[in-house]
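Peer 1: Starting off with a structure, shown below.
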Amino acid sequence: MKFLFDLLPVLLFFAAYKFAGASPDASHELVLRVLGDNISASQAPILVATAVAIVATIGQVLWLIARGRKVEVMLWISLGIIVVFGGATIYLHDATFIKWKPTVLYWMFALTLGVSALFLKRNLIRKLMQPQMELPDAIWSRLNASWIGFFVVMGILNLYVAYTYSEETWVDFKLYGGMGLMFLFVLAQGFMLSRHIEEKNS
């Protein structure tokens with residue numbers, strides 16, 4: 001359930017982009033009415049989708065606050081990035097900023113994990129997962145490093161797709177590619193961790 005909650009802005013971004021693309025006249029008229037003239041019909045889907053993603057992320061934070069739940073640091077970071085980069089896309093009518101948003105977010109995650117481990121001596125992956133399992137210190141360090149590497153690679157891959165393929169292909173990759181690669185990475189991590197857990201229990 002939490003996974004779907006975290007993924008909500010991406011799902012709504014994807015759905016809004018596809019819906020706006022399927023109704024080009026209506027979406028173009030909407031953005032002209034809200035943002036003014038000098039916007040082409042081809043720009044409408046990404047502008048609509050970006051606005052929806054911003055509202056969805058703000059809604060996540062407000063919903064958690066209203067229910068008295070803690071807003072995780074990563075969600076605050078995600079909110080700040082989508083507001084800045086999404087806002088720039090809407091204000092300047094330039095999709096470049098929203099295309100950079102996933103990369104900046106991935107690299108912020110990698111930087112946070114790396115700085116915490118190197119300078120604060122805190123393994124955030126260990127802190128997150130230790131209530132569920134016990135592992136040797138070396139394995140926790142390797143796990144943290146693998147997540148840093150994954151986020152760095154995902155950031156690079158996002159830019160490659162964004163600048164090599166069409167906007168629609170990038171939107172598809174943002175959902176299917178991002179989810180698929182994340183699933184495969186987590187699955188590989190699960191196999192690795194299960195081996196160490198079995199060795200400990202044997």
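Peer 1: Test of the criteria: in segment 1-88, which trypsin sites (Lys or Arg not before Pro) are in a DSSP loop and have at most 15 other Cβ atoms within 10 angstrom of their Cβ? Mind dumping the intermediate values first?
Peer 2: Values: sites: Lys2, Lys18, Arg33, Arg67, Arg69, Lys70; in loops: Arg67, Arg69, Lys70.
Here the sparse-neighbourhood loop sites are Arg67, Arg69, Lys70.
Peer 1: Specify the longest stretch of the chain that does not include any exposed loop site, a site being one of the GluC sites (Glu not before Pro) with a non-H, G, I, E, B DSSP assignment and at most 15 other Cβ atoms within 10 Å.
Peer 2: It runs 1-71.
Peer 1: On to the next question. Which helices, taking whole DSSP H runs in the chain, have alpha carbons extending 24 angstrom or more along the helix axis plus mean Kyte-Doolittle at least 1.6?
Peer 2: 44-66
Peer 1: With runs of 4+ DSSP H residues as the only contributors, calculate the mean residue ellipticity of the chain at 222 nm using -39,500 (n - 2.57) per run, divided by the residue total and rounded to the nearest 500. Each step should come with its number before you reach the end.
Peer 2: Values: 10 runs with 158 residues, N = 202.
Taking each H run of at least 4 residues, the total per residue is -26000 deg cm²/dmol.
Peer 1: Please give the length that would be gained between Trp76 and Glu29 if that part of the chain were fully extended, namely 0.36 nm times their separation in residues minus their C-alpha to C-alpha distance (nm, one decimal).
Peer 2: Once the chain is fully extended between Trp76 and Glu29, it gains 13.7 nm.
Peer 1: Could you work out the longest stretch of the chain that avoids the chymotrypsin sites (Phe, Trp or Tyr not before Pro) located in DSSP loops with at most 13 other Cβ atoms within 10 Å?
Peer 2: 1-118
Peer 1: Between Ile65 and Phe191, with labels modelled 7 Å along Cα→Cβ, what's the label distance in nm to one decimal, could you check?
Peer 2: A separation of 4.4 nm, rounded to one decimal place.
Peer 1: Show me the trypsin sites (Lys or Arg not before Pro) within segment 112-176 that DSSP assigns to loop and that have at most 14 other Cβ atoms within 10 Å of their Cβ.
Peer 2: Loop-located and lightly packed - Lys121, Arg122.
Peer 1: Given (i) 19.6, 62; (ii) 19.2, 69; (iii) 16.3, 53 as candidate values of Rg and Dmax of the Cα atoms in Å, which corresponds to the one derived from the coordinates?
Peer 2: The value matching this structure is (ii).
Peer 1: While we're on this one: Which value in nm describes the separation of the simple spin-label points at Phe19 and Arg122, placed 7 Å from the Cα toward the beta carbon?
Peer 2: Label at Phe19, label at Arg122, 3.9 nm between them.
Taken together, the values in this text are just the output of simple stated rules run on the coordinates, not laboratory data. A quick note: this is a predicted structure, and the numbers were derived from the prediction, not measured. Every residue, glycine as well, gets a Cβ built from its backbone with ideal geometry; the counts of neighbours run over all protein chains shown.
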